[in-house]
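The values are calculated or read from the model by the stated rules, or taken from the named source; none is laboratory data. Every value quoted in this text rests on a predicted model; they were computed, and no experiment measured them. Glycine gets a Cβ as well: all are built from the backbone with ideal geometry, and neighbour counts include every protein chain shown. Each accessible area value is taken on the protein alone, full model and side chains, heavy atoms only, with ligands, DNA and RNA left out. Shrake-Rupley method; radii C 1.70, N 1.55, O 1.52, S 1.80 Å.
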Amino acid sequence: MARGTTMTMSFSSLPQTLICIAFLFFSPPPVTAAQYDVVSLGAKADGKSDSSKAFLSAWSSACASSGPATINVPSGSFYIKSAAFVGPCKSSSITFKMGGTLVAPSDYSEIGSSENWIIFRHVSGLNVVGGVLDGQGSGLWECKASGKSCPKGATVSMPNQLFT
């Protein structure tokens, strides 16, 4: 400061400053989603080994989570014989972050007595982001065209859900 200059301090902004400091110290930490990686749970990205159990294990953990949860599906082809992802869930926000492809059996009769290859049932707050569902539908479409009793295939029955 130059000689002879006086400095004045304003206290009018002090309450706003104290509020900002209190907010920084007392605000809750940001909520981070629990992460479940299907490969670490046993899924194989070879398009041949049945990864259904690993996906269902990831789903079970994500569904039981008390906060947001993300199921990570890395790149690669994951053979899923059949999977029913069923709620209701404790978590109100589950994201399937798919970088890979889910592959159905080429012979639809392999799904057994299930009517669906993949189904989400009684689930709220589900987001499916990215990925590919390869239903290998030629055999199923042939069955449906013949008028025989055939499984439904992949089914999504979830109003107000987000798929991107």
*Those residues that are assigned to a loop (DSSP other than H, G, I, E, B), of a type in the set (S, T, N, Q) and open to solvent by less than 50 Å² (accessible area, probe 1.4 Å), I need them from segment 50-97; list them, please.*
SER51, SER65, SER82, SER91, SER93
*Considering every residue within segment 105-118, establish whether at least one is of a type outside the set (A, V, I, L, M, F, W, C), at pLDDT 90 or above and either assigned to a strand (DSSP E or B) or surrounded by 21 or more Cβ atoms within 10 Å (Cβ to Cβ) (or both).*
no
*Of the conditions (1) more than 23 Å from VAL39 (Cα to Cα); (2) surrounded by fewer than 20 Cβ atoms within 10 Å (Cβ to Cβ), LEU140 clears all except one; give me its number.*
(2)
*Check whether at least one residue in segment 123-135 is touching a residue at least 40 places away in the same chain (Cβ under 8 Å) and out of contact with any Phe, Trp or Tyr (no Cβ under 9 Å at 6 or more places or on another chain), and report yes or no.*
yes
*asked:* All but one of (1) farther than 21 Å from LEU133 by Cβ; (2) assigned to a strand (DSSP E or B) hold for THR32; state the number of the condition that does not hold.
replied: (2)
